[in-house]
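Colleague: Structure provided below as structure tokens; questions to follow.
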Amino acid sequence: MIKGQEYGTELSKLEEIFSEVEPGKKKLVDGLIQDAAFLYAENLRLKAVINETGMVRLHPTINGLQKPTEAAKQYLKNVNSYAVVIKALNSVLSKNIPEEDDEFDKWIMAKKAAIDE
């Protein structure tokens, strides 16, 4: 799967997840949805590079000399950014779920009904 396809697949998945979010909120987070899909696709590409090269470059003769690869550095930055974006998106989803009445709410409603009578 090429990067464009990975981006498109992830974007479609996220769009489906957010399809029932109210339009105003959806419009607000559209950029974050696109960023999440982009970071996901980029990280898949970086993982493929890291699988070939490893995350750390070792000195051929001196074991104590090690250096992280650029792909590994960027992957870690992307993972952190992705986590922040997903957390923000998840908070929008959490606020979109209607709360069910719990026992306290039912008790309050009964008390209010009794007062109104």
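Colleague: Here are Lys3, Lys73, Lys67: which of them is out of contact with any Leu (no Cβ under 9 Å at 6 or more places or on another chain) and either at pLDDT 95 or above or among the charged types (D, E, K, R) (or both)?
Modeller: Exactly one of Lys3, Lys73, Lys67 is out of contact with any Leu (no Cβ under 9 Å at 6 or more places or on another chain) and either at pLDDT 95 or above or among the charged types (D, E, K, R) (or both), namely Lys73.
Colleague: Can you report the number of residues in the range 34-60 which are farther than 15 Å from Tyr82 by Cβ, assigned to a helix (DSSP H, G or I) and touching a residue at least 12 places away in the same chain (Cβ under 8 Å)?
Modeller: So the count comes out to 3.
The values are calculated or read from the model by the stated rules, or taken from the named source; none is laboratory data. Note that the structure is a prediction, hence the values are computed from the model and not measured. Reconstructed Cβ throughout: ideal geometry from the backbone, glycine too, with neighbour counts over all protein chains shown.
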